[in-house]
Amino acid sequence: MKGNLAANIDEYIAGFPKETQQLLETVRTTIKKAAPEAEEAISYAIPTFKLHGNLVHFAAFKNHIGFYPAPRGIEAFKKELAVYEGGKGTVQFPIDQPLPLGLISKIVKFRAKENIALAKAKKAKKK
């Protein structure tokens, strides 16, 4: 729901035009397949997947789908992401081009491994 905060990802997606909803659902499904143990949430007012902390976020804009895998997720895939606009922890996928689902999946798997390793390291420190 643009303007008001969505309670969940379904509500967020429902607030957009049909074509955008389809893109958002495709991104959501790709993330779920890449990290099935991750939980859905709304964080920073946008769809988020959490796995031992924030995994990735995504959002819809007028001309692009924003994807936020944290700066490390961008850095690790710098070459593949070079063709897209973006910033330190963000990438913009134009809505008039096919979404790079394979790349999104690789980034999510990379971030999941990273978060799981960090969680294990924290646990080991506590012992």
Exercise for review: Please indicate, with yes or no, whether at least one residue in the range 18-28 is under 17 Å from PHE93 (Cα atoms), surrounded by 15 or more Cβ atoms within 10 Å (Cβ to Cβ), among the basic types (Lys, Arg) and at pLDDT 95 or above.
Suggested key: yes
Check your understanding: Scanning for something farther than 16 Å from LEU101 by Cβ and among the aromatic types (Phe, Trp, Tyr), does the range 14-23 turn up at least one residue?
Key -> yes
Revision key, fill the gap. Pairing a residue in the range 101-123 that is at negative phi with any residue that is of a type in the set (Ser, Thr, Tyr), where Cβ atoms lie under 8 Å and the two sit 6 or more apart in sequence or on different chains, gives LEU101/THR26; LEU101/THR30; ILE104/THR30; SER105/THR30; VAL108/THR30
**Study point:** Subset tally (residues that are farther than 21 Å from ASN8 by Cβ and either touching a Cys at 6+ places or on another chain (Cβ under 9 Å) or surrounded by 22 or more Cβ atoms within 10 Å (Cβ to Cβ) (or both)) for the range 53-62
**Key:** 0
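Inspect the range 78-89 for any residue being closer than 21 Å to ASN8 by Cβ and of a type in the set (Asp, Glu) and give the result as yes or no. Lay out the reasoning, then the answer.
Going residue by residue through the range 78-89, those that are closer than 21 Å to ASN8 by Cβ are none.
No, there is no match, as no residue in the range 78-89 is closer than 21 Å to ASN8 by Cβ and of a type in the set (Asp, Glu).
Quick one: in the range 63-83, of everything that is farther than 18 Å from ALA35 by Cα and touching a residue at least 12 places away in the same chain (Cβ under 8 Å), which residue is surrounded by the fewest Cβ atoms within 10 Å (Cβ to Cβ)?
As a first pass, look at the range 63-83 and keep what is farther than 18 Å from ALA35 by Cα: 63-66, 71, 75, 78-83.
Going one step further and asking which of them are touching a residue at least 12 places away in the same chain (Cβ under 8 Å), we end up with 63-66, 71, 80-81.
Details: ASN63: 10, HIS64: 19, ILE65: 20, GLY66: 18, PRO71: 12, GLU80: 14, LEU81: 22.
Here the answer is ASN63.
Quick one: which residue in HIS52, HIS57 is touching a residue at least 12 places away in the same chain (Cβ under 8 Å) and either among the aromatic types (Phe, Trp, Tyr) or out of contact with any helix residue (DSSP H, G or I) (no Cβ under 6 Å at 6 or more places or on another chain) (or both)?
Details: HIS52 fails: either among the aromatic types (Phe, Trp, Tyr) or out of contact with any helix residue (DSSP H, G or I) (no Cβ under 6 Å at 6 or more places or on another chain) (or both).
After ruling out the rest, the residue left standing is HIS57.
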Practice item. Restrict the check to the range 84-105 and report whether at least one residue is closer than 25 Å to ALA121 by Cβ and out of contact with any Ser or Thr (no Cβ under 7 Å at 6 or more places or on another chain). Key: yes
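The values are calculated or read from the model by the stated rules, or taken from the named source; none is laboratory data. Everything quoted here is computed from the prediction, not taken from an experiment. Backbone-built Cβ (ideal geometry, glycine too); neighbour counts: all protein chains shown.
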